[in-house]
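A.B. asks: The structure under discussion is supplied below as structure tokens; questions concerning it will follow.
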Amino acid sequence: MSRHAPPLGLLLALLVPLGLVGAAGASDDPPPTRVVVARVKGKTTTATAVVSLTETELVLQIDDEATGVPLDDVIAITTGARPNPPRPFVSRDVALDLWSGEEVRGQITAGDDRFVSLRSPLLGTVRVEVDAIAGVRFLRRLAEVAEPPDLRSQPDVDVVHLVGGDRVNCTVVSIGADALECATSGDDSLDVPYEKITAFRLQPYETESADGRLATAVLRDGTRLMCRAPAVAEGRLTLASLSGFDVDAALDDVVAIHIAGAAYRYLSDLEAPEIEIKPFWKPVAGDPVSLYAPRLDRAFSGGRLTVGGGTWLKGIGVYSGTSLTWQLDGEYSEFRTSVGIDDAAGDLGSVVFEILVDGKRRWRSELVRAAAARVPGADDADHAGRAQRGAVDAGRLDVSGAKTLTLRVLAGNDEEPYPIQDEADWLGAMLVR
């Protein structure tokens, strides 16, 4: 299976109640603040505020009382804050991708061969070690190019992607305020102004794997931060990033906090499954398993997993005709997931999802369409009656003692057998021990 976007590492699944940050409703009035906590064993808990968060306990405000939840029982906390609405990027807006799996958004204000200073609208000035940086994306110029560069690979040299599609293989010597200083193969020095760059990727840097309990916080602007021990007190989130910088943010700017413990595992973090792909449209050339390869923590089209206007950052994007099988060896007790047609697929996608345990079907969806699908010539009321739209919750499936788990996506049904835009998402798919 291929990862469609760097960097590697754990990404956060935004949850409501198991993976979703919903889109704004028709009203322009902001919804009331509501904290939703997805739990490993207990039921989803709703509160009005987060009182505090420590290494062992989450304390919530519920009905004018402070109620504690053991951190070992917490999967994720959504705070009620909403992601920033889309806006046009300016030329200096960047996303700093870090080897830890973190992403920080802002504008580069200073730098040298050791550190880069980034001015974040939500965090102030963040000073990041160059060795922690996997690459930098210049968001406006990437949005403007007809064919964005492939940023998936881990290069064996530093690669600078230029406006117009050219690329320069070099060694990045220094990341300055306005330009990169590079050394080419002939030991020539080359300064490349940022206005000529769409993105650059750096050679992999040797980093220690982060084991044990980890927390990931996602902010309104898309910044993603990872740490071992986040703390919340008096409306502020503080943490020491895995990449070496300290963070102090307003809790109102935090969309969600994810606690990754030993009690569960996301399928996208497990060993690669057995893959079987039998697409309805047979490719003229090439291996279907490569051409239709599933995307970990990404939609099949490469963007974030988005269904019905909500966004998940954990899951698997596939095309219809794809079956994935994991070996469980009896280690887990429960499987949870939601499913849907990705919003990027357009109006014509329609699939059926199936979950098999030890080769026997345990759950099957109805025909699933995109949330806003309108089929030309079709009666909307009729389609609404025989198709599910948006994210569909498969519930909690008992897999106690099971040896294998298979996720299968079929191309439509007997009435709609022609798969067009069948970009299907397994959303927040996880196994509970």
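A.B. asks: Filtering the range 163-195 down to residues that are surrounded by 13 or more Cβ atoms within 10 Å (Cβ to Cβ) and in contact with a Pro (Cβ under 9 Å, 6 or more places away or on another chain), which residue is farthest from R140 (Cα to Cα)?
C.D. replies: So the residue we want is N169.
A.B. asks: Quickly run through the range 98-109 and pick out the residues that are over 19 Å from L162 (Cβ atoms), out of contact with any Gly (no Cβ under 6 Å at 6 or more places or on another chain) and modelled with pLDDT of 95 or more.
C.D. replies: Answer for the range 98-109, where residues must be over 19 Å from L162 (Cβ atoms), out of contact with any Gly (no Cβ under 6 Å at 6 or more places or on another chain) and modelled with pLDDT of 95 or more: V104, G106, Q107, T109.
A.B. asks: Do you know which residues across the range 308-360 are part of a helix (DSSP H, G or I) and surrounded by 24 or more Cβ atoms within 10 Å (Cβ to Cβ)?
C.D. replies: Our first condition is that a residue be part of a helix (DSSP H, G or I); within the range 308-360, this holds for 343-345.
Within the range 308-360, D343, A345 qualify.
A.B. asks: Scan the range 296-322 for residues that are of a type in the set (K, R) and touching a residue at least 60 places away in the same chain (Cβ under 8 Å) and jot them down.
C.D. replies: Initially, the range 296-322 is screened for residues of a type in the set (K, R), giving 298, 304, 314.
Residues satisfying the conditions are R298, K314.
A.B. asks: Counting only residues that are over 24 Å from the mean Cα position of the chain (by Cα) and either outside any strand (DSSP E or B) or β-branched (V, I, T) (or both), how many does the range 109-127 have?
C.D. replies: Number of matching residues: 6.
A.B. asks: Can you list the strands (runs of 3 or more DSSP E) lying wholly within the range 184-274 that have 2 or more residues being touching an Asp or Glu at 6+ places or on another chain (Cβ under 7 Å) and closer than 25 Å to A38 by Cβ?
C.D. replies: 224-227, 236-240
A.B. asks: Only residues that are in a strand (DSSP E or B) and either at pLDDT below 90 or in contact with a Cys (Cβ under 8 Å, 6 or more places away or on another chain) (or both): list them for the range 275-285, please.
C.D. replies: Keep residues of the range 275-285 that are in a strand (DSSP E or B), which gives 275-277.
Residue satisfying the conditions is I277 alone.
A.B. asks: Next question. So, R137, is that one touching a residue at least 12 places away in the same chain (Cβ under 8 Å) and charged (D, E, K, R) or not? If you could, list the steps in order and put the result at the bottom.
C.D. replies: On the way: touching a residue at least 12 places away in the same chain (Cβ under 8 Å): yes; charged (D, E, K, R): yes.
When the stated conditions are applied, R137 passes them.
A.B. asks: Yes or no: the range 344-354 includes at least one residue that is over 20 Å from E276 (Cβ atoms), in contact with a helix residue (DSSP H, G or I) (Cβ under 8 Å, 6 or more places away or on another chain) and either in contact (Cβ under 8 Å) with a residue 12 or more places away in the chain or not small (G, A, S) (or both). Reasoning before the result, please.
C.D. replies: Residues of the range 344-354 over 20 Å from E276 (Cβ atoms): 344-350.
Now restrict to residues that are in contact with a helix residue (DSSP H, G or I) (Cβ under 8 Å, 6 or more places away or on another chain): none.
There is no residue in the range 344-354 that is over 20 Å from E276 (Cβ atoms), in contact with a helix residue (DSSP H, G or I) (Cβ under 8 Å, 6 or more places away or on another chain) and either in contact (Cβ under 8 Å) with a residue 12 or more places away in the chain or not small (G, A, S) (or both).
A.B. asks: Looking at the range 125-139 only, could you name the residues that are over 19 Å from D156 (Cα atoms) and of a type in the set (D, E, K, R)? Working first, answer last.
C.D. replies: Let us first name the residues in the range 125-139 that are over 19 Å from D156 (Cα atoms), namely 125-129, 138-139.
The answer is R127, E129.
Yes or no, residue by residue, for (1) buried (at least 22 other Cβ atoms within 10 Å of the Cβ); (2) without any contact (Cβ under 8 Å) to a residue 24 or more places away in the chain; (3) of a type in the set (S, T, N, Q); (4) not assigned by TED's automatic domain parsing to the domain that holds V318:
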site: S241; (1), (2), (3), (4): no, no, yes, yes
site: D246; (1), (2), (3), (4): no, yes, no, yes
site: V254; (1), (2), (3), (4): yes, no, no, yes
site: F280; (1), (2), (3), (4): no, no, no, no
site: V289; (1), (2), (3), (4): no, yes, no, no
site: P294; (1), (2), (3), (4): yes, no, no, no
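A.B. asks: Would you check which residues across the range 249-268 are in contact with a strand residue (DSSP E or B) (Cβ under 9 Å, 6 or more places away or on another chain) and over 16 Å from E102 (Cα atoms) and list them?
C.D. replies: Correct list: A250, L251, D253, G261, A263, Y264, R265, Y266, L267, S268.
The values are calculated or read from the model by the stated rules, or taken from the named source; none is laboratory data. Keep in mind that what you see is a predicted model, and the values were worked out from it rather than measured. Virtual Cβ from ideal backbone geometry, glycine too; neighbours counted across all protein chains shown.
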